[in-house]
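The values are calculated or read from the model by the stated rules, or taken from the named source; none is laboratory data. Just so it is clear, the structure is predicted and the values come from calculations on it, not from any experiment. No Cβ is skipped: glycine too gets one built from the backbone with ideal geometry, and neighbour counts run over all protein chains shown. Keep in mind that these areas ignore ligands, DNA and RNA; they rest on the heavy atoms of the full protein, side chains included. Shrake-Rupley method; radii C 1.70, N 1.55, O 1.52, S 1.80 Å.
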Amino acid sequence: MAAPSPGPREVLAPSPEAGCRAATSTSVRRGLLWRLRDKQARLGLFEIGPGHELHQLTCMMQAGLWAATQVSMDHPPTVSGPSVPCTSSVPRARPRGCQGPPTEEDFSEVLTQVHEGFELGTLAGPAFAWLRHSLGLAEEDYQAALGPGGPYLQFLSTSKSKASFFLSHDQRFFLKTQRRREVRALLAHLPRYVQHLQRHPHSLLARLLGVHSLRVAQGKKEFFIIMLSVFYPAGRISERYDIKGCEVSRWVEPAPEGSPLVLVLKDLNFQGKTIDLGPQRSWLLHQMELDTAFLRELNVLDYSLLMAFQRLHEDERGPGNSLIFRTVRSVRGVQSPEETGSQNRRLLPDSPNALHILDGPEQRYFLGLVDLATVYGLRKRLEHLWKTLRYPGRTFSTVSPARYARRLCQWVEAHTA
């Protein structure tokens, strides 16, 4: 497939059936034991199969993402090594010798692929492909997980937004529908987001992997984002929380004992609990300061600290074992010597999704800052005034970005040991 050109471009996508055949052949090779284990790991999640109201939508998303990822597979980005001038007769195909972070054109590109019955747009595709590559994520794995090889999964969301949430069938990737203004904010901040991750490769910020639009026939464009799931791998996770550092609307009625539902609880559900990190605490507090300072600079608020608990096995506990079972994983990026002091690096666990995992003496914690697209504009300022009158003396989410960042850092400091 020809490479996309800078700015908007429309191409005819490979047929969804081709993607289905490729993914199905992979699926057939999976053994029975693997499928049984996979099904067991999905307890509390619901497959979006035929008959589900969102089945048609997710099928279009899968077929569209399979074709969109094929573009970046045909023209892979390069990450490491010295920068060299890039010249090519193909407008957006980056030659293999071209090195360096995304360019201005990478951030502004819009590729629209036309499928039977719908169109899928890929926004800033080369920049996100570069991000995925910098995380060591193989495009083949990304395509297989998000393509039509297995149904997306749904869980009961405790969010008050009208967004739809999905997980890839292997639960590694999280998909969420977004409003147009949120997508506009994400794309405007994307170059600075990339720079922040280069400067702080162990950041707690959610790792965004793609932004897309989907239009059915001549209907309205809908938008969705893809990111690494903070709660991966999900096996043995006992509790999940969404923390904003306030109290209004921050209680979720827990599921009855023995229920298969997977609920994400909130601030008031966390009362009386502590995150026991031991020597890792100082790293977390400093990284929270760095990441929330960055979000404050973007004039962003209403983000959440996602958190989950998983009890460590006996052989995973203790400082002696941590030296044996931990390795320093490098996260690719471009840092300058003067930034070395601000890296705030740490030893990462030798496990999948290591960037979102922090081990304490007894528990493994999954941590990540998500929902990074709410700007403190006129709408939020008016909401702040209304809530000040509506909830006198109580804490709520809609406050200035500076106050929001400070309050969330104070919550983490107060609830960690």
Using a Förster distance of 35 Å, the FRET efficiency for Arg407-Asp350 (Cβ separation, nearest 0.05): 0.55
Not counting ligands, DNA or RNA, and with a 1.4 Å probe, what is Ser164's accessible surface area in Å² rounded to the nearest 10? 30 Å²
Using alpha carbons only: equivalent-ellipsoid semi-axes of the range 207-272, gyration tensor based, whole Å: 31, 16, 14
At Trp251 and Trp283, where each label point lies 7 Å from the Cα along Cα→Cβ, what is the point-to-point distance in nanometres? 3.6 nm
Can you list residues whose amide H is under 5 Å from Glu10's amide H, if they're 5+ apart or on another chain and H is modeled 1.01 Å from N? Thr112
Work out, step by step, the length gained on full extension between Ala414 and Ala293: first 0.36 nm times the residue separation, then minus their alpha carbon distance; give nm to one decimal. 41.7 nm
Given a 1.4 Å probe and the protein chains all in place, what does the accessible area of Tyr376 round to, in Å² to the nearest 10? 20 Å²
From the phi of every residue in the range 101-117, what ³J(HN,Hα) in whole Hz does the Karplus formula 6.51 cos²θ - 1.76 cosθ + 1.60 yield, where θ is phi - 60° and glycine or proline is x? x, x, 9, 4, 5, 4, 6, 9, 5, 10, 10, 10, 10, 8, 10, 6, x
Going residue by residue through the range 247-252, the Karplus relation 6.51 cos²θ - 1.76 cosθ + 1.60 with θ = phi - 60° gives ³J(HN,Hα) values, rounded to whole Hz and with x marking Gly or Pro, of 10, 5, 6, 10, 10, 10
Take the alpha-carbon centre of the range 366-416, take the same for the range 131-145, and report the distance between them in whole Å. 33 Å
Rounded to the nearest 0.05, what FRET efficiency is calculated for Leu12 and Lys162 with R0 set to 41 Å and r the Cβ-Cβ distance? 0.80
Can you sort Leu209, Leu135, Leu355 by 1.4 Å-probe accessible area, starting with the largest? Leu135, Leu355, Leu209
